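Any read-out appearing in this document is the output of simple, stated calculations on the displayed coordinates, not a laboratory observation. Worth saying up front: this structure is predicted, and the values here are computed from it rather than measured. Counting neighbours? That spans all protein chains shown, and the Cβs are built from the backbone with ideal geometry, glycine included.
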Amino acid sequence: MNTITSSLHSGAETVGDIKKQLLGIPEYQDRHELNIELNADIFELLTAPAHVSHLVLLSDRQYIDQERQLITQLCESYNVTPLHNHSNIFSVDLGEFNLRWERHTEYSIYMFYQIAPFETPFARPVIKLVPEEWLASLPGEVLAATHIALDDRSRPKRSLTELAELFVTNTIIGSKVAAGSASIWSDNQIHSDGFSRILIHDETLRNRQAGRLVQRLLEIETYCILAMLPVPKIRQMIPKLASYDQRLATLTFSNLELDSIEDEQQLLDGLTKLAAEIERISAQTDHRLNASRVYYEIVKLRVAELREERIEGFQMLQEFMEQHLSSAMGTCDLVHSKLETLSLRVARASGLLRTRVDISMEAQIRDLLKSMDRRARMQLRLQETVEGLSVVVLSYYLLGIVGYGLKAGKAYGMDINVDLVTGMAIPIVVLGVFFVVRGLRHLVGKAHRDK
């Protein structure tokens, strides 16, 4: 077959190298690449009988180059055209089996399938044909592993006894799908080889229908596990969130028994630490919980696309998902809601306490300003007293100067009664000094007010 999906991507690069125009209007640089991405094949063309082995490996985006190199090595070992360096989807016929590889944001998909007759489903899975050392070198951790057996319409449906043997007597889920074009059975269990199992019996499937059906079943298996990724950690968080709730209640009650601003600041510190712990958990889980909700919506959409019809005596896949997956998603939603509620309550309690601390500090500042005002008034009174004393002192020295002047005039021969004139000058000097000092004080006050 040698179908190389990656050739489409190399064509996109060639288009991108030349600035094209349509009707003389420049085209958006990524238009052709987006169109190729929109129309990329999302399923393989399958015909019954066929068996599929599907691996989903959880790995960081940083391993994409290593994955491309490994796929290139596998292709070269089978003498087929290798993977293009910039492809995220690759499909190729390697002779013994076919390989489809897809790289997604946080995981990679490896689908191995073979269109060939078989007698017993799952007895010789196609992954046994893949070199073991190559599989062991794949980066990442196994998130989902599934075997699918597509039974030919020419053979009769498997009996209940055969189904019980294939699924090791586990509880079997089964239904007709695609408007009765096929029947599917599964037990949603991991078997001894590490893979889960899905059996499809072809009724009237066309090869495109078969490919779409297999793709939908594999997507349900993959997205179901991806949706449940946060569940174990979320369940471990529930007791911790309950303790946070109790701490918040205790801190909030303590708000009623505060006696000093030091107690208020200590309580505010406790609320701040609690808020930091809640925000840390929210930051660690928010992305995973949002992704989980998106995957859950995809699962519900894919299940609806199956158009299931009941097989008497079997639980349908939709019923199984509603019973099990919806419960797990409800737990995730509960924890997400609890984190948001705790964060809001802590913020509200912190806001109330900060308001109380601000009011206390404003009261202290008001008392401090009153104290400063009293001290300023006292300083003003002292200043006025000092000014009164300075008038007396200045007047005394000025009268002394006047007395020396009068004595000098008398010694010169002038007929002056020194004591009389000095006594008469006292009120004049005192009043003059008083008005001069007062004028100076008014000038200084005016200059201060102007500033």
**Complete:** Between residue 47 and residue 421, the two model label points (7 Å from Cα along the beta-carbon direction) sit apart by a distance in nm of 14.5
**Complete:** Taking R0 as 41 Å and r as the Cβ-Cβ distance between residue 25 and residue 324, the FRET efficiency 1/(1 + (r/R0)^6), rounded to the nearest 0.05, comes to 0.15
**Prompt:** Once Rh is set to the Kirkwood radius over Cα pairs, what Stokes-Einstein translational diffusion coefficient, in µm²/s, holds for the chain at a temperature of 10 °C and a viscosity of 1.306 mPa s?
**Reply:** 52
**Message:** Based on alpha-carbon centroids, what's the gap between the range 188-221 and the range 66-106 in Å, whole number please?
**Reply:** 22
**Item:** Nearest-0.05 FRET efficiency for residue 396 and residue 355, computed from C-beta distance (R0 60 Å)
**Value:** 0.45
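What dipole magnitude, in Debye to the nearest 20, does the range 124-193 give about its Cα centre under +1 on Lys/Arg Cβ and -1 on Asp/Glu Cβ? Provide the component values of the computation, followed by the final result.
Numbers: 7 positive and 9 negative charges, 92 e Å.
Result for the range 124-193 is approximately 440 debye, rounded to the nearest 20.
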**Fill in**
Quick calc: nm separation of the 7 Å Cα→Cβ label points for residue 440 and residue 412 -> 2.8
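Assuming R0 = 35 Å, can you tell me the calculated FRET efficiency for the pair residue 81 and residue 128, based on Cβ-Cβ distance, to the nearest 0.05? Write out the running numbers ahead of the final one.
Working: r = 25 Å, r/R0 = 0.71.
It comes to 0.90.
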**Message:** As a test, work out the antiparallel percent of DSSP beta bridges whose residues both lie in the chain, rounded to the nearest 5.
**Reply:** 85
**Over the chain: helical MRE at 222 nm, DSSP H runs n ≥ 4 each giving -39500 (n - 2.57), nearest 500** = -21000 deg cm²/dmol
**Prompt:** In nm, to one decimal, how far is the residue 66 label point from the residue 348 one, both placed 7 Å along Cα→Cβ?
**Reply:** 4.9
**Asked** Based on DSSP H assignment, which helices of the chain show an axial Cα extent of at least 30 Å together with a mean Kyte-Doolittle hydropathy greater than or equal to 0.0?
**Response** 317-412, 418-450
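Is the shape of the range 48-189 best called rounded, prolate or oblate, per the rule: a/c under 1.5 gives rounded, else a/b larger than b/c gives prolate, else oblate, with a ≥ b ≥ c the square roots of the Cα gyration tensor eigenvalues? All intermediate terms of the calculation are to be shown ahead of the outcome.
Values: a/c = 2.26, a/b = 1.81, b/c = 1.25.
Note, shape of the range 48-189 comes out prolate.
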**Asked** Taking the Cα centre of the chain as the origin, how large is its charge dipole in debye, to the nearest 20, when only Lys and Arg (+1) and Asp and Glu (-1) carry charge on their Cβ atoms?
**Response** 2540
**Request:** List the aspartates and glutamates whose Cα lies under 18 Å from the Cα of residue 273, skipping any in the same chain that are fewer than 8 positions away.
**Result:** 245, 262, 263, 264, 340
**Message:** Can you compute the charge dipole magnitude of the range 338-451 about its Cα centre, using +1 on each Lys and Arg Cβ and -1 on each Asp and Glu Cβ, nothing else charged? Give it in debye, rounded to the nearest 20.
**Reply:** 800
**Request:** Just name one of 270, 350, 317: the one whose Cα is farthest towards the positive end of the charge dipole of the range 231-367 (beta-carbon charges, Lys/Arg +1, Asp/Glu -1).
**Result:** 317
**Positive-end extreme of charge dipole, the chain - chosen from 192, 111, 254 (charges on Cβ)** = 254
**Request:** Please name which of 330, 24, 443 has its Cα lying farthest along the dipole of the chain towards the positive end, using unit charges on Cβ (Lys, Arg +1; Asp, Glu -1) and the Cα centre as origin.
**Result:** 443
**Request:** Give 300/338; 128/157; 370/446; 157/300; 128/233 a once-over and call out the pairs whose C-alpha atoms are over 30 Å from each other.
**Result:** 128/233
